[in-house]
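These notes concern the structure reproduced below.
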Amino acid sequence: MKYCIVTGGAGYVGAHCCKELAAVGYFPVVVDNLSRGHKQFAKWGAFREGDLRDHAFLDAVFKEFLPEAVFHFAGYTYVGESVEKPLLYYNNNVVATISLLDAMRENACNNIIFSSTAATYGNPQYTPIDEKHPQEPINPYGQSKLFIEKILEDYDRAYGIKYSALRYFNASGADEDGEIGEEHDPETHLIPLVIQAALGKRKNVKIFGEDYPTPDGTAVRDYVHVTDLATAHIKAFERLAHTGESISLNLGTGKGTSVLEIIESVRRVSGRPLEAVMAERRAGDPPVLVADSSAAGKILDWKCRYNDVDAIVKTAWNWHSKNL
Ligand code: UDP
């Protein structure tokens, strides 16, 4: 059996990755402290509940399964919260990762696929953003992920731990079969919020800014389907195992979609009326964030199955309308 440890495997992207890993013959071992994950999402492979900063716990999991690789999703991801509570982010993201890497080193597990983020780039100096774009995060969340990327570089040089750092743009959508989906508490992400409004779970959806220098005045993002992200992780692991070369890659569709276009898409897909109201810009939001993912396309032979925003929204609608 080919075992992989999946930290944060009870969370949104981690759970989708477990499903894909199981589908291609791996045995995912979810390691999650359930501080933000959902136990019912850990349904492929094995589940071990515990904290990455608990050395004895982690060491026991490595010794039990002798994993070929670690897929590292565990971490906090709220930009606003990270500004208010940076210690939480440096402790939960950076300190926990150092503990994980030390357990890997002690147990001779030398491959890690790391969940990084476009937030490591900060305000875009040009668009689409490629991997050479300067990394100057503007909040502790992005900073914590960048620190981890730097630690990975050092651990590679010193201890031979090889990594793929995957910088996602806007993870979105849900598993095609509707088994798992996006569920955050509190919810801050656009697509789930618009769907909640269409379902009558909230009165309206706020559009954060209508005076951006974009075609319709609202902010533009690159929404990439969560199952496409999961596939990229597996391809990145297989490449890493084959070549032994560390790499950092962007994951996005290369296509920008505005806030208004997302709202229109939810109206089309759901067939429901929904109220949108204009609001102030949200602090720290750049006008446009779109990935140049050509390197991932070429190096991983990765292609997004979901290129159309309605197709992405449809999978999210399917999950939310069944589970809310
Ligand atoms: N957004 C919005 N209203 C909301 C939530 C988000 O207009 O209630 C906008 C937000 O300003 C950004 C885009 O939608 O331009 C995507 O935001 P999200 O929080 O989903 O992801 P982010 O880009 O911050 O990672």
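The values are calculated or read from the model by the stated rules, or taken from the named source; none is laboratory data. On a predicted model such as this, the values are computed, not experimentally measured, just so you know. Cβ: placed from backbone, ideal geometry, glycine included. Neighbour counts: every protein chain shown. Ligands, DNA and RNA are stripped out before the accessible areas are found, and what is left, the full protein with its side chains, is counted by its heavy atoms. Shrake-Rupley method; radii C 1.70, N 1.55, O 1.52, S 1.80 Å.
Packing-wise, with mean Cβ within 10 Å as the measure, how do 50-58, 83-91 rank, highest first?
Details: 50-58: 16.8, 83-91: 15.1.
Final packing ranking: 50-58, 83-91.
With contacts taken as Cα pairs under 8 Å at a separation of at least 6 residues, the chain carries a relative contact order of 18 percent.
Could you check what % of the DSSP bridge pairs in the chain are antiparallel, to the nearest 5?
Numbers: 2 of 41 bridges.
Restricted to the chain, the bridges split so that about 5 percent are antiparallel.
Comparing Cα centroids, the stretch 252-284 and the stretch 145-171 end up 32 angstrom apart.
For the stretch 163-216, the Kirkwood estimate of hydrodynamic radius, built from reciprocal distances between every pair of different alpha carbons, is 13.8 Å. Distance between the 7 Å Cα→Cβ label points at ARG282 and ASN307: 2.8 nm. For the chain, the longest principal axis of the Cα atoms and the long axis of helix 55-65 meet at an angle of about 80 degrees. With the highest mean first, a sort of the peptides 253-264, 270-281, 181-192 on other beta-carbon atoms found within 10 angstrom per residue produces 253-264, 181-192, 270-281. For the chain, carbon and sulfur atoms together expose 50% of the accessible surface, with a 1.4 angstrom probe and every protein chain in place. In the stretch 25-76, the alpha-carbon atoms span a convex hull of 83 Å³ per residue.
Report, in deg cm²/dmol and to the nearest 500, the calculated mean residue ellipticity at 222 nm for the chain, where each DSSP H run with n ≥ 4 adds -39500 (n - 2.57) and the sum is divided by the residue count. Working shown, then result.
Details: 11 runs with 125 residues, N = 324.
Taking each H run of at least 4 residues, the total per residue is -12000 deg cm²/dmol.
Using the empirical formula 2.2 N^0.38 Å as the baseline, the Cα radius of gyration of the chain reaches a ratio of 0.96. Approximating the spin labels as points 7 Å out from Cα along Cα→Cβ, the GLU187-to-LYS2 distance works out to 3.6 nm.
Kirkwood hydrodynamic radius for the stretch 28-160: how many Å is it when counted over pairs of different Cα atoms?
Working: mean 1/r = 0.0632 Å⁻¹.
Roughly 15.8 Å, rounded to one decimal.
Taking the three principal axes of the alpha carbon atoms in the stretch 223-324, the coordinate ranges are 51, 33, 21 Å, sorted in descending order. The charge dipole of the chain, taken about its Cα centre with unit charges on the Cβ atoms of Lys, Arg (+1), Asp and Glu (-1) only, comes to about 380 debye. Taking a straight Cα-Cα cut-off under 22 Å and skipping sequence neighbours fewer than 8 places away in the same chain, the lysines within cross-link reach of LYS145 are LYS85, LYS132, LYS162, LYS235. If the chain linking GLU64 and GLU153 were pulled fully straight, counting 0.36 nm for each residue of separation and taking away their Cα-Cα distance, it would gain 29.3 nm.
Taken along the Cα-to-beta-carbon direction at a fixed 7 Å, the label points for ARG105 and ASP130 span 3.4 nm.
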